[in-house]
1. Over 20 Å between C-alpha atoms is what I'm after, so list which of 22/104; 22/53; 58/162; 52/104; 58/84; 18/68 land there.
2. Please work out the Cα center distance from segment 1-49 to segment 169-188, rounded to the nearest Å.
3. Looking at segment 1-83, what % of the alpha carbon pairs are farther apart than 21 Å?
4. What fraction of the Cα pairs in segment 150-192, stated in percent, has a spacing above 14 angstrom?
5. Per-residue accessible area for residue 1 at 1.4 Å probe radius, Å² rounded to 10?
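The values are calculated or read from the model by the stated rules, or taken from the named source; none is laboratory data. Computed from a predicted structure; not experimentally measured. Note: accessible area is taken over every heavy atom of the protein model, side chains too, but ligands, DNA and RNA are not part of it. Shrake-Rupley method; radii C 1.70, N 1.55, O 1.52, S 1.80 Å.
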Amino acid sequence: MDFSIIIPVFNSESCLQKTVDKIYAVIEKLNISFEFILIDDGSRDNSWEIIKKIRIEKANINGIRLSKNYGQHNALLCGLAASKGNYIITIDDDLEQDPDDISKLYEFLINGNYDLVYGTPIHSKKGLTRSILTFLYKRALRVENKNSGKGSSFRVFTAALKNNLIQHKGALFFLDEIALWYTDKIGFVTIEFNTSQKKTSAYGYSSLFDLSLRVLSLSSTLPLRLVRVIGFYIFGISIFLGSYLIFKKLNDDVPMGYTSLMVAILFSTGIITASLGVIGEYVGNLIALSNNKPSYAIKEKI
């Protein structure tokens, strides 16, 4: 099998048939062997009925229906586990990405010897508030990895990378961040995104906020690093100020009780923040262990 095209489906009865028809027509022109894997992620409309209809009409269509809504990335993990292709294509179910660009991503991956290539939009078509929040969130992610937060749901990657991804265990899965554990050979192709054909977005602000917290807890120890750094800085400042106040007490006329009170507060604050810093270091290591972050990944053997 040359290509596996994985499409997570959620409440897309209004555009799913059109999406599959267009992608199918593009793939057929490439004269390759392929399979479609449509993952119904707990849709509350007639998406599953449409998937069954498409499977009757077209060859090489596989449908999987999840028992409830697990989220786009967990649906992708399910699709990856079922895929057989040498190359994996993931694309949305709403025609926001143009299927004609699949060949661009694939050629870029082959010519550049990449493991993973993203199609990224030339222009963002999101609202101003959402664009600002997205920009700040992605900048925060890139503190630890320059490629973090730069991708999109339109991807082409190798079966070797897929085999590493499906080793991940547990409900907390975010494909783009976990891929960074296994490769830094990542390419980006800027393309024009279209307006989504869905009537409503699958992600509201509350859903995006929840997803962001999950990604940060999975892939980043940045908040813990901030706690650690700030904690030790405050500890140092507290020791310095406490020493200064003791010096002032010995050499100047200071109100009774003031120095002892301030030194006690500063010393206690310093100990507490330093302790939080140490705890943050341990929690960061526990996060890496609980997420099954690999110690290494083998690319090739001879």
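1. Numbers: 22/104 16 Å; 22/53 16 Å; 58/162 26 Å; 52/104 30 Å; 58/84 18 Å; 18/68 24 Å.
From the list (22/104; 22/53; 58/162; 52/104; 58/84; 18/68), the Cα-Cα distance tops 20 Å for 58/162; 52/104; 18/68.
2. The distance from the Cα centre of segment 1-49 to that of segment 169-188 comes to 23 Å.
3. Working: 783 of 3403 pairs.
Pairs farther apart than 21 Å: 23 percent.
4. Working: 446 of 903 pairs.
Everything past 14 Å amounts to 49 percent.
5. 90
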